[in-house]
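**Student:** I'd like to ask some things about the structure below.
The values are calculated or read from the model by the stated rules, or taken from the named source; none is laboratory data. It should be emphasised that the depicted structure is a prediction, and the values quoted were computed from it without experimental measurement. Neighbour counts run over all protein chains shown; Cβ positions are idealised from the backbone, glycine included.
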Amino acid sequence: MTIRVLVADDQALVRAGFAALLDAQPDITVAGQAENGEQAVSLTRTLVPDVVLMDIRMPVLDGLEATRRIAADPGLSGVRVVVLTTFELDEYVFEAMRAGATGFLVKHTEPAELVRAVRVVADGDALLSPSVTRKLVAEFATHAKRPPHSGRLDDLTDREREVMLLIAEGLTNAEIGSRLFLSPATARTHVSRILLKLGARDRTQLVVMAYEWGLVRPGWQD
């Protein structure tokens with residue numbers, strides 16, 4: 001399967017660099033480029049890429065609001081947004097993840113790491129940079145206003161709570177299966193049910209919920 005990527009950044013040189021790097025990969029193609037958030041939303045609706053690399057600060061419409069609009073569109077439920085930022089611990093990035101971004105990358109990321117990140121996000125079985133993601137969420141989640149979700153923590157079975165804790169720890173489906181003596185397929189099924197019950201877009205939102213609801217507290221996995 002070829003992974004289709006949309007690159008959204010207001011700097012032409014950055015867009016061109018990312019596009020050249022990704023297009024050089026045998027399993028990745030750049031479906032389009034956008035220079036602001038409004039274009040990013042429009043092109044995402046037209047092209048329906050697998051992954052959007054979204055600069056967090058852009059003119060006309062910023063990456064945060066663009067991410068919200070993409071995540072809120074039922075027709076784009078399969079699109080994964082990766083936010084590009086200058087700083088790792090950035091409240092805007094946290095808000096983007098709350099809104100539906102699957103993860104984030106700092107702009108000075110090594111080329112090989114960018115390519116790996118696109119593949120990880122497209123696959124959907126793992127968090128992007130688990131330790132850094134947990135650090136970011138722990139920094140801001142406990143101070144954030146709890147967002148409305150269509151599901152509740154009480155809806156989860158004891159086993160599903162166990163799985164959610166391991167997701168928050170950054171484990172992949174295979175690692176969750178190994179920890180709980182389940183097959184990877186069974187672990188994947190549990191993850192899918194948790195996403196459905198809580199109305200979450202992906203496992204990154206589950207991490208945010210786990211911290212916001214106090215299921216996990218900062219420092220538990222450190």
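**Student:** Whether any residue in region 60-76 is touching a residue at least 24 places away in the same chain (Cβ under 8 Å) and over 19 Å from the mean Cα position of the chain (by Cα) is what I want to check. Don't jump to the end; show me each part of the working.
**Tutor:** Filtering region 60-76 down to residues touching a residue at least 24 places away in the same chain (Cβ under 8 Å) leaves 60-73, 75-76.
Then drop every residue that is not over 19 Å from the mean Cα position of the chain (by Cα), which leaves 60-61.
Checked region 60-76: at least one residue is touching a residue at least 24 places away in the same chain (Cβ under 8 Å) and over 19 Å from the mean Cα position of the chain (by Cα).
**Student:** Considering region 64-81 alone, what residues qualify as being of a type in the set (Lys, Arg) and more than 14 Å from Asp50 (Cα to Cα)?
**Tutor:** From region 64-81, those of a type in the set (Lys, Arg) are 68-69, 80; that's our starting set.
Hits for region 64-81 are Arg68, Arg69.
**Student:** A further question on this structure: Tell me, which residue of region 94-103 that is in contact (Cβ under 8 Å) with a residue 40 or more places away in the chain and within 23 Å of Arg4 (Cβ to Cβ) is surrounded by the fewest Cβ atoms within 10 Å (Cβ to Cβ)?
**Tutor:** Gly100
**Student:** Here is a follow-up. Suppose we keep only residues that are at pLDDT 90 or above and farther than 21 Å from Val93 by Cα within region 196-220. Which one would you say is farthest from the chain's Cα centre (by Cα)?
**Tutor:** Among those that are at pLDDT 90 or above and farther than 21 Å from Val93 by Cα, it is Lys197.
**Student:** Filtering region 107-120 down to residues that are at pLDDT 90 or above and within 16 Å of Asp55 (Cα to Cα), which residue is surrounded by the most Cβ atoms within 10 Å (Cβ to Cβ)?
**Tutor:** Within region 107-120, the subset at pLDDT 90 or above is 110-120.
Remaining after also requiring within 16 Å of Asp55 (Cα to Cα): 114, 117-118.
Working: Leu114: 18, Ala117: 20, Val118: 25.
Applying the filter and picking the extreme gives Val118.
**Student:** Which numbered condition trips up Val163, out of (1) within 12 Å of the chain's Cα centre (by Cα); (2) assigned to a helix (DSSP H, G or I); (3) closer than 16 Å to Leu195 by Cα?
**Tutor:** Checking Val163 against (1) within 12 Å of the chain's Cα centre (by Cα); (2) assigned to a helix (DSSP H, G or I); (3) closer than 16 Å to Leu195 by Cα, the one that fails is (1).
**Student:** What pairs can you find where one residue is in region 105-132 and touching a residue at least 40 places away in the same chain (Cβ under 8 Å) and within 12 Å of Asp202 (Cβ to Cβ), the other is outside any helix (DSSP H, G or I) and of a type in the set (Ser, Thr, Tyr), and their Cβ atoms are less than 7 Å apart, with a gap of 6+ or different chains?
**Tutor:** Val121/Thr102; Asp125/Thr172; Ala126/Thr172; Leu128/Thr102
**Student:** Can you tell me which residues in region 72-93 are more than 19 Å from Ile3 (Cβ to Cβ) and crowded, with 22+ Cβ neighbours inside 10 Å?
**Tutor:** Val93
**Student:** Separate question: So, in region 183-216, how many residues would count as being in contact with a Gly (Cβ under 6 Å, 6 or more places away or on another chain), part of a loop (DSSP other than H, G, I, E, B) and surrounded by 18 or more Cβ atoms within 10 Å (Cβ to Cβ)?
**Tutor:** 1
**Student:** So Leu22 clears everything in (1) under 25 Å from Glu139 (Cα atoms); (2) over 12 Å from the mean Cα position of the chain (by Cα) except one condition, right? Which one?
**Tutor:** For Leu22, the exception is condition (1).
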